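Here is the structure we will look at.
The values are calculated or read from the model by the stated rules, or taken from the named source; none is laboratory data. A quick note: this is a predicted structure, and the numbers were derived from the prediction, not measured. Quick reminder, even Gly has a Cβ in these numbers, built from the backbone with ideal geometry, and neighbours come from all protein chains shown. When the accessible area is computed, the model is the full protein with side chains, heavy atoms only, and any ligands, DNA or RNA have been set aside. Shrake-Rupley method; radii C 1.70, N 1.55, O 1.52, S 1.80 Å.
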Amino acid sequence: MGNILVNEIGYRPSDSKIAVYRGDNAGEYAVINQDGKVVLSGEIVNCVDDEGASERDYSIDFSDVKEEGKYKVVVGDESSEEFVITDDVYNKVLVDSIRFFYLQRCGMKLTEQYAGLFAHEECHTSKARIYGTETFIDVNGGWHDAGDYGKYVVPAAVTVADLLLAIKKDESFLSIDLNIPKKTSLPDILEEIKYELDWMLKMQDKETGKVYHKVTCASFCGFFMPEEEKEELIICPFSLTATADFAACMAMAAGVYEEYDKEYAKSLLDAAIKAYPQASTIQTEDGFHNPEGVNTGVYEDKIEIDELYWAAAQMYDATGDEQYRSDFEKIANDYKLHGYGWEDVGTFGNLAYINTKYPVNEDLKDLIMASMVEKADELLEKCENNGYGISFDKDSYIWGSNYYVAENGSHLYDAYKLTGDEKYLKAAKEHMHYLLGKNPCNVCFVTGEGSNRIMNPHHRPSSAVKAPMPGMLSGGPNSGLMDPDAVADCTGNPPAKCFTDKLLSYSTNEVTIYWNSALILLMAQVL
Ligand code: G3I
Ligand code: 9MR
Ligand code: ZN
């Protein structure tokens, strides 16, 4: 079985609903409700040869089924997993995926009342050594990055940016009850984001304004709770990417927090103003590399112009200062930049520039908007050759492929906003459905959700308590086979099926804060 793939969580009544049937004998399909009654049937027609999955895929459009209830799609004697149609079908996955950030908190005790199984003592509270010196400083707080307990500024900045964009898109996020302990009167989600911003502020050198790249132990630790990682914390050198991303993120956050706490917003903007001019002065060959003796995540990035571009745009949007505008426009005249990722952040810059309340060069703005639509058109073309309707070809399944699925969905959504053309929105939605179960792996990639669940994410707390923390987006198929379990389980698989739900498969089954935030942003956009 497992040859009829759907969003395992389900659909809202008005959503378009497309199941995939993979096989050679198409024939008839039927949609059956919980009473065993056929509510829709028909002939399967369209088919695509999907290179990434090495399958012939047929799509079954059952959008006409709108009544609330539980359903299955069947073809011959094959059946999909059961799914639900109802209005609030995505509420739980949304809340759990945001609560994940609270559960990733470092530097404080998480009590059972709020964290349940994932309660832990305070962790990583000792002062951290600035690499190569005898100086120790306080960099407590923030979110653990991923399945490891490191804290890295670059991914932190894009995570915060995604979450702030999600809030800007859908103000109802501000009233979501996250069941977290409150210290301020901020909406829950802003209080949670503040926890990360406060940590990021500590990663800035107060004297120079430059920003340290990361704080981790020398190596990744074993599979225990965070308070058991007791090795020395090491702060790695400043980097251009951390400093520019920091400036961008702080400037963006200042605009959002302004409405709630003027003083806090000012401290964010001041930090951004101090960081910004420093970023481009940090010269390293090919970006940041781990210094000798440090073996944790690198977030290496050879192309740093997009980080400067994002920072300039965001600084201009926050201040209206012509210098930032001219910095941005100089780069924009030479490069077309895109990207919602930790590596490529151009789209964040584009959005800041095209939406700012301050004057812009209208011709340049038009060019940027046109290039955003052009990017979406390229993605749309790929969707047509993909059996699951996502913008992936056989080479797209890299480390964290699910991140790129979510990001591409956001690019498509942007084109919908810019053109009003529904075809982009429709395609963007399929990217969400893919992540939630309509995919060649036949699994719901968010923990705690769906019928075919991820049970063994590469995530230390989940391993320690022997239960997957809910609401985490797994990295997904990676045809690079970059860990021993991926090699053992996926050799010979088509790219789209190079995924294994094993604890030690960090190259296919890890989780991170920025993969979650990308999913959250996509949900804010398409739902
Ligand atoms: O960009 C290239 C692409 O051009 C090429 O076709 C493809 C072929 O493999 O590779 C692409 O690069 C990959 C890159 O991710 C894409 O972003 C690299 O191979 C791959 O090694 C790299 O993986 C990164 C991984 O760290 C290893 O460095 C992931 O993006 C990144 O999310 C991940 O981050 C880790 C942190 O270091 C530590 N904490 C956990 C976190 C998640 O796994
Ligand atoms: O747990 C680590 C994970 O967060 C990283 O993304 C990954 C790649 O850098 O590495 C993981 O740690 C593994 C290490 O690289 C190799 N030895 C086994 C470690 C745990 O699986
Ligand atoms: Zn910690």
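Of all DSSP bridge pairs formed entirely within the chain, close to 85 percent run antiparallel.
Counting pairwise Cα distances across region 265-399, what percent come out greater than 21 angstrom? Pairs farther apart than 21 Å: 52 percent. Charged neighbours of P181, selected by a Cβ distance under 14 Å, balance to 0 (K, R count +1; D, E count -1). If you model region 1-73 as an ellipsoid using its alpha carbon gyration tensor, with each semi-axis the square root of five times an eigenvalue, the axes come out at 22, 13, 11 Å, biggest first.
Between M108 and D24, what is 0.36 nm times their sequence separation minus the Cα-Cα distance? Round to one decimal in nm. Walk me through the numbers before you get to the answer.
Details: separation 84, 0.36 × 84 = 30.24 nm, distance 5.50 nm.
Answer, rounded to one decimal: 24.7 nm.
Normalised radius of gyration (Cα atoms, divided by 2.2 N^0.38 Å) for region 455-508: 1.11.
The spacing between region 90-143 and region 319-345, judged by their C-alpha centroids, is 32 Å.
Pairs from the list K210/K262; K17/K423; K168/K194; K206/K266; K183/K274 with a Cα-Cα gap above 18 Å: K210/K262; K183/K274.
Taking every alpha-carbon pair in the chain and binning the separations at 20 Å intervals from zero gives 23, 56, 20, 1 percent. Hey, quick one: spin label on N3, modelled 7 Å out along Cα-Cβ, who in region 427-441 has an amide N within reach, i.e. under 17 Å? What the label zone holds, given the 17 Å backbone N cut-off, is 439-441. Relative contact order of the chain, please, whole-number percent, based on alpha carbon pairs below 8 angstrom and at least 6 residues apart. With pairs under 8 Å counted, the relative contact order is 16 percent. To the nearest 10 degrees, how steeply does helix 322-334 sit against the main Cα axis of the chain, on a 0 to 90 scale? Compared with the principal axis, the helix lies near 50 degrees. Once divided by 2.2 N^0.38 Å, the Cα radius of gyration of region 71-174 becomes 1.56. With pairing defined as another cysteine C-beta under 4.7 Å, the cysteines of the chain that fail it are C47, C106, C123, C217, C221, C236, C249, C383, C441, C444. The share of accessible area on the chain that comes from carbon and sulfur is 48 percent, using a 1.4 angstrom probe.
Seen from all sides and averaged, what is the projected area of the convex hull of the Cα atoms in region 146-202, in nm²?
For the Cα atoms of region 146-202, the hull's average projected area reads 4.6 nm².
Annotation: per residue accessible area for the chain equals 39 Å², rounded to a whole number [probe 1.4 Å, protein chains only].
Using only the Cα atoms of region 91-360, each taken as one equal point scatterer with no solvent, compute I(q) by the Debye sum, divide by I(0), and report log10 of the ratio at q = 0.10 Å⁻¹. Debye output, listed in q order: -0.49. When only Cα pairs below 8 angstrom with a gap of at least 6 residues are kept, region 91-360 shows a relative contact order of 16 percent.
Expressed in Å, the radius of gyration and Dmax of the Cα atoms of region 336-397 are 14.1, 44.
Taking each residue as 0.36 nm, the span from Q283 to Q34 lengthens on full extension beyond its C-alpha to C-alpha distance by 83.4 nm.
Each principal axis of the Cα atoms in region 166-274 has its own extent, and those three values, largest first, are 40, 35, 23 angstrom. Considering only the Cα atoms of region 113-173, their convex hull presents on average a projected area of 6.4 nm².
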